[in-house]
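This report refers to the structure that appears directly beneath it.
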Amino acid sequence: MNQIKPYQVSALNAISLIVIGGYGYLQSNTPSPTALIPVIFGVLLLAMNSGIKSENKLIAHIAVTLTLIMLFGLAMPLLGAIDRSDNYAIMRITVMIATTVGAMVSFIMNFINARKS
């Protein structure tokens, strides 16, 4: 059975951060530059994807760190969206959190498998 590779999950996460983060910024009545943080992280993660694919350990560890920072960084926007009862923002942020968690799980599983080898 072919297992999905960490670089594939990371690319999916990066694209979701770019597309959904950019859409959220453009759809806002009062856009804030901080709303572009997921887009910036997505671009950085996408730029590192070839290094992740070639199993460059330094780039993979940087990507994991950025992914973890993004995961924690999405908590405040989610809480703000919940406070505003903004269902569309809650949905967008939840999808970004889900793809980010998926990327983290993929990285962790890959690190565990590499340790076993």
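Any read-out appearing in this document is the output of simple, stated calculations on the displayed coordinates, not a laboratory observation. Fair warning: this is a prediction, and the values are worked out from it, not measured in the lab. Cβ placement follows ideal geometry from the backbone for every residue including glycine, while neighbour counts extend to all protein chains displayed.
Quick one: length gained pulling PHE72 to ILE108 fully straight, 0.36 nm per residue minus the C-alpha distance?
Here the segment from PHE72 to ILE108 would lengthen by 11.3 nm.
Please state the charge dipole magnitude for the chain, taken about the Cα centre, from unit charges on C-beta atoms (+1 on K and R, -1 on D and E), reported in debye and rounded to the nearest 20.
Details: 7 positive and 3 negative charges, 80 e Å.
My answer is approximately 380 debye.
Using a cut-off of 15 Å between beta-carbons, work out the net charge of the residues near MET109 (Lys and Arg +1, Asp and Glu -1, MET109 not included). Intermediate values should be presented prior to the final figure.
Details: positive: LYS5, ARG115, LYS116; negative: GLU55.
Computed value for this residue: +2.
At q = 0.11, 0.16, 0.19, 0.20 Å⁻¹, what is the log10 ratio I(q)/I(0) for region 6-116, with the Debye formula run over Cα points and no solvent?
-0.34, -0.67, -0.88, -0.96
For LYS5, go through the aspartates and glutamates and keep the ones whose alpha-carbon is under 12 Å away, minus same-chain ones fewer than eight residues off.
Result set, ordered by chain and number: GLU55.
Quickly estimate the mean residue ellipticity at 222 nm for the chain, helices only: each DSSP H run with n ≥ 4 gives -39500 (n - 2.57), and the total goes over all residues, rounded to 500.
Computed ellipticity for the chain at 222 nm equals -27000 deg cm²/dmol.
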